[in-house]
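Colleague: One structure, as C-alpha cells, below. Some questions next.
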Amino acid sequence: LRSTWTAGKPLHGKLAPGFPVLLVPFLTHDGLNTGAIRTLIIAMTAGGLFFMFLLFRHCGGSWSLGLCILTGNSMLVYLYGRSILSEIPYLFVSFIALLLWDRYEKAGCCSLRDEISLAIVLAVAFFTRTLGVFLIGAIFVRLVFLPGCGGVQALIRRGFLFWGLAALVTLWFARQYWVSHLSEQTYWNEFVSGRAEDGSEMIGFLERWL
C-alpha cells in the first residue's frame, strides 16, 4: 500500500486499503471510470438503507420504514451518496455486520458459521474505514457484558471472532504507526500543520483589518 501521488511512492500509513481495493476493477487505461463508481456508490447507498430497514424490522421496530426514508433524505446521505468516498461503502458493510450480529445473538451466540461470517464482515468494515474498530469494540462489549452470550469465558473460547480480529487490528495499527512515523504522514502532524495554517491566516486577516 503506497502513496502513488507522492515522489518515490512511499509506503502509505494513514488510510485503510479497503476502499482503494474496491476501486481497482474500475481502473482503465484512461484512469478511473468515475461514472461506474458513482453508480456503485448509489447502489451501495440503497443497499445500506435496505439493510438498515431489515435490521430495525428484525428488532421489532414498526417505524423502520419511516426511519429509512428520513435517513435517505438527509443531506449527508445525499452528498456522500454522490461522492467517491469510503463513507457509503463503510455504511453498507457495517449494517451487514449488525444484521449478522443480530442473527448471531438470537442464535444464542453459538453458531460457528455465523461467528465466522461476522468476523469476516467486521474485518472488511475495519479495512474499509479504521473507524470500524469502534464497531468491533461495541460488539465485543455487548458479547462480554450483556446476558445470554456467556460472558468473558465464552468470549475467550471464541478464538476466531475475538483473538483473530484483535490480532488483525493490532497488527494493522502497528504497521500504520511504523509507516506513518517513517514518513511523518500522521494525522497529528496534519492537524498541527493545519492549525498553524489557520493561525497564520487569522493573523494575516487581523493585520489587514486592525
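Colleague: So VAL124 fits all but one of (1) among the aliphatic types (A, V, I, L, M); (2) touching a helix residue (DSSP H, G or I) at 6+ places or on another chain (Cβ under 7 Å); (3) open to solvent by 50 Å² or more (accessible area, probe 1.4 Å); (4) at pLDDT below 80; what number is the exception?
Modeller: (4)
Colleague: Mind checking whether some residue in segment 83-99 is in a helix (DSSP H, G or I), within 30 Å of PHE173 (Cα to Cα), modelled with pLDDT of 90 or more and in contact with an Asp or Glu (Cβ under 7 Å, 6 or more places away or on another chain)?
Modeller: no
Colleague: List every residue pair whose Cβ atoms lie under 9 Å apart, where the two residues are 6 or more positions apart in sequence or sit on different chains, the first residue falls within segment 80-92 and is at negative phi, and the second residue, located anywhere, is assigned to a loop (DSSP other than H, G, I, E, B) and open to solvent by 50 Å² or more (accessible area, probe 1.4 Å).
Modeller: Short answer, once both residue conditions are applied: SER86/LEU15; SER86/ARG129; GLU87/ARG129; PRO89/ARG129; TYR90/ARG129; TYR90/LEU131.
Colleague: Looking at segment 1-74, what helices (runs of 4 or more DSSP H) fall wholly within it and have at least 3 residues that are hydroxyl-bearing (Ser, Thr, Tyr), touching a His at 6+ places or on another chain (Cβ under 7 Å) and modelled with pLDDT of 80 or more?
Modeller: The helices (runs of 4 or more DSSP H) meeting that bar number zero.
The values are calculated or read from the model by the stated rules, or taken from the named source; none is laboratory data. None of these values were measured; they are calculated from a predicted model. We place every Cβ from the backbone using ideal geometry, glycine too, and count neighbours over all the protein chains shown. Heads up: the accessible areas ignore ligands, DNA and RNA and are worked out on the full protein's heavy atoms, side chains in. Shrake-Rupley method; radii C 1.70, N 1.55, O 1.52, S 1.80 Å.
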